[in-house]
């Protein structure tokens, strides 16, 4: 009998499920069970985000994992950006057949890439940066920073198969984060895939279809080849 595969897909900081919706839809179309939770405080505006903490965000992810585990034999955890940090905590605490992170930080904020974007199209990118500054409360940013700091010691407890996807033009996460994450986990032979033409929103960029195909192929490789 073929094992039932479930996929937990976790969106990023100050975002919502739209961050990862193209991938979640593709996974459902492949026949996988999918949980794609909205993290506590997210998707409802600045005030709600400011009231939530990193513990609330992790609890949202854990509750989704537990729901998925009731109908899946194997679980794949996929985290985008900050969702990858939460995914590390899940993988260190619960059985996970495969961990996939997309543009997840070890080193945050690539100032050089941000400047390059501003030089390319100041009107477009300056508005985006300003919207982010207005959208995110300082308290929430501090919670994110604490989550990042608290996740780094957890990496050594992650031993499941691990695949990283990283955009080279990411202005939010320094692309060298991928190498450091791969070095820090206990997993054997983590694999990194780089995307030269994409920015932080990897699942909404010019290489979206390639990213989704790579994730689907990786799941088949690790979870369905018995």
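No value in this document is a laboratory result; all are computed from the given coordinates. Please read these numbers as outputs of a predicted model, since none were measured by experiment.
Once Rg/Rh (Cα atoms, Kirkwood Rh) is calculated for the structure shown, the corresponding label among (i) 0.95; (ii) 1.00; (iii) 0.97 turns out to be (i). How high is the relative contact order of the chain, given as a whole-number percent (alpha carbon pairs under 8 Å, six or more residues apart)? Result for the chain is 21 percent.
Highest GNM mean-square fluctuation among 58, 99, 44, for the chain modelled with Cα contacts below 10 Å: 44.
Once the Cα atoms are used to define both axes, helix 138-151 deviates from the longest principal axis of the chain by about 40 degrees. Run through the DSSP bridge list for the chain and note the antiparallel percent, rounded to the nearest 5. So the antiparallel bridges in the chain amount to around 5 percent. When you restrict to C-alpha pairs under 8 Å that are six or more residues apart and normalise by the size of segment 145-194, the relative contact order lands at 48 percent.
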